[in-house]
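Comments concern the structure below.
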Amino acid sequence: MSGPTAGRKVVVIGQGYVGLPVAVRAAEVGFDVVGFDLDERKVAGLVAGRSHVEDISDERLAALIAAGTYRASLDPADLAGFEVAVVSVPTPLTDGAPDLSYIEDAGSILAPHLSEGCCVILESTTYPGTTEEVFAPVLEAGSGLRGGADFRLGYSPERIDPGNPAWRLENTPKVVSGVDAASLAAVQGFFDHLVEKTVPVSGCKEAELTKLLENTFRHVNIALVNELAMFAHELDMDVWEAIDAASTKPFGYMRFVPGPGVGGHCLPIDPSYLSWRVRRSLGHTFRFVELANDVNEHMPDYVVRRVMEHLNDRELAVRGQRVLLLGMAYKRNTGDARETPSAPIARQLRELGAEVIAVDPHVADRWLPDGVQGAELTAEVLASAAIVVLLVDHDAFDLDLVTEHAAAILDCRHVLRGDQVEHL
Ligand SMILES: NC(=O)c1ccc[n+]([C@@H]2O[C@H](COP(=O)([O-])OP(=O)(O)OC[C@H]3O[C@@H](n4cnc5c(N)ncnc54)[C@H](O)[C@@H]3O)[C@@H](O)[C@H]2O)c1
């Protein structure tokens with residue numbers, strides 16, 4: 001897959017947070033790219049030059065559409081004649097177990113369009129063994145070709161960090177793998193066009209495990225500081241000061257900070273893919289993952305408890321109070337509200353009888369939990385709440401306005417100062 005890119009067809013199945021940036025980058029380096037998705041609304045937007053992913057601007061997309069190097073499509077016929085296919089479809093947990101149906105469906109749609117020598121790359125996060133044991137059989141059954149022998153097949157995990165301007169697709173090293181040496185060479189050759197550095201590993205399982213290791217590492221370390229934050233509060237110690245001090249150690253320590261819980265498509269889900277695989281194959285419990293799930297899943301309950309304690313100290317019941325939540329996305333500067341811890345916090349406060357108002361300039365009102373009213377961040381709205389809970393520190397928030405007008409604040413991100421501010 002080395003050599004010039006012009007006129008060579010790449011198809012990217014799934015135009016979400018992962019697939020769209022890959023498709024756009026491939027088009028920018030000169031490939032002829034089709035971004036395929038089943039979501040009519042998403043495809044209509046992309047065809048009209050509207051990006052639904054913050055890191056891809058409408059201008060960037062429109063330039064590629066005008067140049068004819070990128071087009072979005074709902075029509076499987078547009079997959080015909082591809083040289084490289086990248087598959088980046090969802091891998092959720094359904095009833096607590098990995099749900100690979102999207103990968104299987106994408107494989108079935110793609111399979112009739114495989115040809116001798118083409119290259120298929122799975123990018124969805126999944127448990128080790130998926131590429132060879134689940135994806136390959138679907139491609140082979142639908143194409144009559146064999147992975148490795150007839151077409152190239154590999155796995156390359158995505159490390160995209162939405163909203164991170166420093167580490168983007170092109171400057172983040174990309175792990176690549178293949179089912180055999182020729183497949184690895186094809187996968188690496190393709191991504192060498194897209195990113196500054198590729199990191200080959202010996203097999204697909206190792207590449208699949210790499211992604212789960214990275215996310216489990218983060219999940220476990222976030223759980224560690226979350227649990228520490230709860231104990232430190234009880235013991236009247238400033239956990240944030242300890243974290244800042246520990247972060248000055250130049251070796252053997254990596255900074256993680258507490259928060260209201262984990263969200264998004266990765267941390268609440270990926271480690272469970274790993275523990276599911278370990279339990280199914282070995283019969284063992286992956287204790288670190290279970291423990292981290294337990295701590296992180298209960299952080300929203302802890303935030304609600306802190307709100308109750310605060311109101312209690314003021315001799316107020318939660319019922320009837322107005323609580324203002326700042327930030328409904330799962331992380332800063334993104335509109336992604338999947339698995340956001342802000343949702344269970346809002347729901348629990350509502351169940352306790354609070355009037356819950358939410359401000360998030362990145363999240364449309366239709367994604368707010370039932371009964372939660374969307375609002376603008378104004379002095380009046382801030383002053384009208386019994387307590388303001390800062391859940392996500394989006395750059396778009398005017399934090400000075402918040403400290404100036406809020407009567408009481410629970411700051412879950414440790415970015416505010418003042419007599420009326422409590423930290424998580
Ligand atoms: N979002 C992240 O930050 C991130 C980072 C690294 C890895 N991942 C992983 O990448 C994968 C994709 O995640 P995402 O965040 O892009 O999800 P997403 O929901 O944003 O996008 C997936 C897209 O796939 C489409 N789709 C589903 N089935 C399809 C099919 N059969 N054919 C064509 N399109 C189909 C959906 O309509 C959707 O637009 C997941 O496995 C996820 O765990 C996500």
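The values are calculated or read from the model by the stated rules, or taken from the named source; none is laboratory data. Being a predicted model, the structure only gives us computed values, none of them experimental. A quick note on method: Cβ atoms are made from the backbone with ideal geometry, for glycine too, and the neighbour counts reach across all protein chains shown. Areas reflect the complete protein model, heavy atoms only, side chains present, ligands, DNA and RNA absent. Shrake-Rupley method; radii C 1.70, N 1.55, O 1.52, S 1.80 Å.
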**OP:** Only one of these is at pLDDT 95 or above, surrounded by 17 or more Cβ atoms within 10 Å (Cβ to Cβ) and within 15 Å of the ligand (Cβ to nearest atom): V179, V187, V175. Name it.
**Re:** V175
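Name the residue, out of P268, P344, that is crowded, with 19+ Cβ neighbours inside 10 Å and within 16 Å of the ligand (Cβ to nearest atom).
Working: P344 fails: within 16 Å of the ligand (Cβ to nearest atom).
The match here is P268.
Can D32 be described as farther than 18 Å from G7 by Cβ and open to solvent by 50 Å² or more (accessible area, probe 1.4 Å)?
Working: farther than 18 Å from G7 by Cβ: no; open to solvent by 50 Å² or more (accessible area, probe 1.4 Å): yes.
Answer is no for this residue.
Hey, among R305, R255, which residue is open to solvent by 80 Å² or more (accessible area, probe 1.4 Å), of a type in the set (K, R) and in a loop (DSSP other than H, G, I, E, B)? Step through it out loud before you land on a result.
Details: R305 fails: in a loop (DSSP other than H, G, I, E, B).
Exactly one of R305, R255 is open to solvent by 80 Å² or more (accessible area, probe 1.4 Å), of a type in the set (K, R) and in a loop (DSSP other than H, G, I, E, B), namely R255.
Can you find, within the range 8-22, the residue that is nearest to the ligand (Cβ to nearest atom) among those that are closer than 12 Å to R71 by Cα and open to solvent by less than 20 Å² (accessible area, probe 1.4 Å)? Lay out the reasoning, then the answer.
From the range 8-22, those closer than 12 Å to R71 by Cα are 9-12, 15, 20; that's our starting set.
Subset that is open to solvent by less than 20 Å² (accessible area, probe 1.4 Å): 10-12, 15, 20.
Numbers: V10: 15, V11: 10, V12: 9, Q15: 5, L20: 8 Å.
Once the filter is applied, the top-ranked residue is Q15.
For the range 145-165, what are the residues that are more than 19 Å from G335 (Cβ to Cβ) and part of a loop (DSSP other than H, G, I, E, B)? Write out each step before concluding.
Going residue by residue through the range 145-165, those that are more than 19 Å from G335 (Cβ to Cβ) are 145-157, 159.
Matches in the range 145-165: L145, R146, G148, A149, D150, S156, P157, R159.
Report, by residue number, each residue of the range 191-209 that is within 13 Å of the ligand (Cβ to nearest atom) and surrounded by fewer than 18 Cβ atoms within 10 Å (Cβ to Cβ). Don't jump to the end; show me each part of the working.
Looking only at the range 191-209, we keep the residues that are within 13 Å of the ligand (Cβ to nearest atom), and these are 207-208.
Correct list: empty.
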**OP:** List every residue pair whose Cβ atoms sit under 8 Å apart, with the two residues 6 or more apart in sequence or on different chains, where the first one lies in the range 97-115 and is open to solvent by less than 40 Å² (accessible area, probe 1.4 Å) and the second, anywhere, is part of a loop (DSSP other than H, G, I, E, B) and of a type in the set (K, R).
**Re:** none
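Can you tell me which residue within the range 42-99, out of those that are among the hydroxyl-bearing types (S, T, Y) and more than 15 Å from the ligand (Cβ to nearest atom), is nearest to I13 (Cα to Cα)? Don't jump to the end; show me each part of the working.
Within the range 42-99, the first condition is being among the hydroxyl-bearing types (S, T, Y), and the residues that meet it are 51, 57, 69-70, 73, 88, 91, 94.
Narrowing further to those that are more than 15 Å from the ligand (Cβ to nearest atom): 57, 69-70.
Values: S57: 20, T69: 16, Y70: 13 Å.
The selected residue is Y70.
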Original post:
Out of L325, L390, L424, which single residue is modelled with pLDDT under 95 and closer than 22 Å to N312 by Cα?
Top reply: L424
Original post:
Going through the range 397-424 one residue at a time, which ones are open to solvent by 20 Å² or more (accessible area, probe 1.4 Å), part of a loop (DSSP other than H, G, I, E, B) and touching a residue at least 40 places away in the same chain (Cβ under 8 Å)?
Top reply: R413, H414
**OP:** Taking the options V47, V43, V87, name whichever one is buried (at least 24 other Cβ atoms within 10 Å of the Cβ) and either in contact with a strand residue (DSSP E or B) (Cβ under 9 Å, 6 or more places away or on another chain) or modelled with pLDDT under 95 (or both).
**Re:** V87
Original post:
Restricting the first residue to the range 171-196 and requiring it to be part of a helix (DSSP H, G or I), which pairs with a second residue that is among the hydroxyl-bearing types (S, T, Y) and open to solvent by less than 40 Å² (accessible area, probe 1.4 Å) meet a Cβ separation below 7 Å and a spacing of at least six or different chains?
Top reply: L184/S177; V187/S156; V187/S177; Q188/T198; F191/S156; F191/T198; D192/T198; H193/T5
**OP:** Can you work out which of the residues in the range 59-116 that are assigned to a strand (DSSP E or B) and small (G, A, S) is farthest from E28 (Cα to Cα)?
**Re:** A97
